Amino acid sequence: MSAAMDTESTYSGYSHYSGHSKKAHRQGRDRHKSPRSKDGSRSEKSVTIQTPPAEPLLGNDASRAEEGQDDNWGETTTAITGTSEHSISQEDIARISKDLEDSVGLDCKRYLGLTVAAVLGLLVFLTPIAFILLPQILWRDDLEPCGTVCEGLFISVAFKLLILLIGTWALFFRQPKADLPRVFVFRALLLVLIFLFVFSYWLFYGVRILDSKDTNYQGIVQYAVSLVDALLFIHYLAIVLLELRQLQPMFTVKVVRSTDGEARYYSLGHLSIQRAALVVLENYYRDFTIYNPALLTASKSRAAKHMAGLKVYNVDGPGNNASGQSRAMIAAAARRRDSSHNELYYEEADHERRVKKRRARLVVAVEEAFTHIKRLQAEEQQKAPGEMMDPREAAQAIFPSMARALQKYLRTTRQQQYHSMESILQHLSFCITNNMTPKAFLERYLNPGPTLQYDRDRWFSKQWTLVSEEAVTSGLQDGVVFVLKCLDFSLVVNVKKIPFIKLSEEFIDPKSHKFVLRLQSETSV
């Protein structure tokens, strides 16, 4: 179901409908026919970043459904939903099957990595304990007595293992934010290093202690203490490689959204391309305004209208090729640019006038509604407790007085697909609960905010594709360009290295600040 029909059903309780059912029925069926995208072959290397499951982004069918509707859609349209809501082809089925196979492969890879890390971590923590307990179990009678120093080493091993356990939990046992297409190189190297380290300790322990049944129990405990100390140093190395190394800014990345050209700049440290892409996506949802395809339809329709008004006649007969016609149409369009800029100017001026007018009406309506609810609160305090209203009831009571003005403003600014009636009521109830002003309530609608401000199912993309000419596990370098693609748009990321800055010092003696007053004959001084 398109975004226009969702908003139409949202405000159906506050609008009057007439009998244009057949026309709306045909429009509703046309909206269900969304274009089918075909995946072409690409020469670049592309990998996929799988984020936690959620609904996909809105398609462009919502923006196309908004075209051709007047501002009084709530008064002149009847929605009849008797047709099918979905259509699917063999290509769609094949693409869905491929996505499911990819997701299953990513889940298996993720759980396999977690299993290997968990088994290795369990082996690391049990190894020092096994070093201490095995002599007591196998040749206890032959061991030398453990003195005060040996018993103190038991306390040292216990506390060091506790510190190592807490540090490992804080560093490694965290909820993953995304499924990266390739392994994290430094983490894999640390796992390999830990495995080789523990294996070498076990090998030495089996040859020098288990085979010979060493009776020096204090030396055996000291050997276990040295293992725990080395594990603590490896944990420190992991903190440096995984956390501290990337903190110092070394690169500046420019992120440009391909559809509307909105750009942001970020500073990054030493990261691989795939981890830099993850940081870019995290900042995108926080900093970029929500992608609204309806705002891009005006320029496309205007260009199509100009090209549709051109006619090309072939005077040389049907034998002439089509390239000459294309050049003629481009030349004619270039000659008409002198008049098209006037149309663009007046169109934008008229749109700004309408937006300002409906914004003023919305501000007045919301201020009057909030004034009314304040007056109701003052009066309800004098009544019985059974007649008091909660914030939800108060929001439902004052919403009809502002619904029409808010609906028209959202339609004019083409934001109606991102604000449902339920979300508006929840936001209004939140503002009433926290004693917020009308200006605070309107901030969400007057100033389009970041993507995270809106409902998750309206903007969240399930899958991003990382396209890069370089290997995604390689580090960032000056001039590297990679692209993050989703369903409706792409983010183009350009990496620039922060230049080396050389500062010099110049000392100025405070006593050198001496001045002379220079007088001229024509001055009044």
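Observations
- Scan of the stretch 137-150 for residues that are closer than 17 Å to Gly206 by Cβ and touching a residue at least 60 places away in the same chain (Cβ under 8 Å), ordered by number: Leu138, Trp139
- Residue match in the stretch 194-202 (condition: open to solvent by 60 Å² or more (accessible area, probe 1.4 Å) and without any contact (Cβ under 8 Å) to a residue 12 or more places away in the chain): yes
- The stretch 179-193, residues that are open to solvent by 100 Å² or more (accessible area, probe 1.4 Å) and in a helix (DSSP H, G or I): Leu189
- Identity of the residue in the stretch 246-282, more than 14 Å from the chain's Cα centre (by Cα), open to solvent by less than 50 Å² (accessible area, probe 1.4 Å) and among the small types (Gly, Ala, Ser), that ends up farthest from Val483 (Cα to Cα): Gly269
- Only strands (runs of 3 or more DSSP E) whose full extent lies in the stretch 414-508 are considered here, and the ones with at least 1 residues that are open to solvent by 70 Å² or more (accessible area, probe 1.4 Å) are 481-485, 490-497.
- Residue-level analysis places Phe159 outside the set of residues that are in contact with a helix residue (DSSP H, G or I) (Cβ under 7 Å, 6 or more places away or on another chain) and assigned to a helix (DSSP H, G or I).
- Neighbours by Cβ (under 8 Å, 6+ apart or cross-chain): first from the stretch 475-504, over 21 Å from Arg257 (Cβ atoms); second of a type outside the set (D, E, K, R) and open to solvent by 60 Å² or more (accessible area, probe 1.4 Å): Gly475/His270; Lys497/Gln477; Ile498/Pro249; Ile498/Ser267
- In the stretch 120-143, residue surrounded by the most Cβ atoms within 10 Å (Cβ to Cβ) [restricted to those that are over 50 Å from the mean Cα position of the chain (by Cα) and within 30 Å of Val192 (Cα to Cα)]: Pro135
- Residue check, Lys408 free of Cβ contacts under 8 Å to residues at least 12 places away in the same chain, farther than 30 Å from Arg245 by Cα and either assigned to a helix (DSSP H, G or I) or open to solvent by less than 80 Å² (accessible area, probe 1.4 Å) (or both): no
- Filter pass, Ala79 being open to solvent by less than 80 Å² (accessible area, probe 1.4 Å) and at pLDDT 50 or above: no
The values are calculated or read from the model by the stated rules, or taken from the named source; none is laboratory data. Small disclaimer: the values here were computed from a predicted structure and weren't measured. A quick note on method: Cβ atoms are made from the backbone with ideal geometry, for glycine too, and the neighbour counts reach across all protein chains shown. SASA here: full protein model, heavy atoms, side chains in, ligands and nucleic acids out. Shrake-Rupley method; radii C 1.70, N 1.55, O 1.52, S 1.80 Å.
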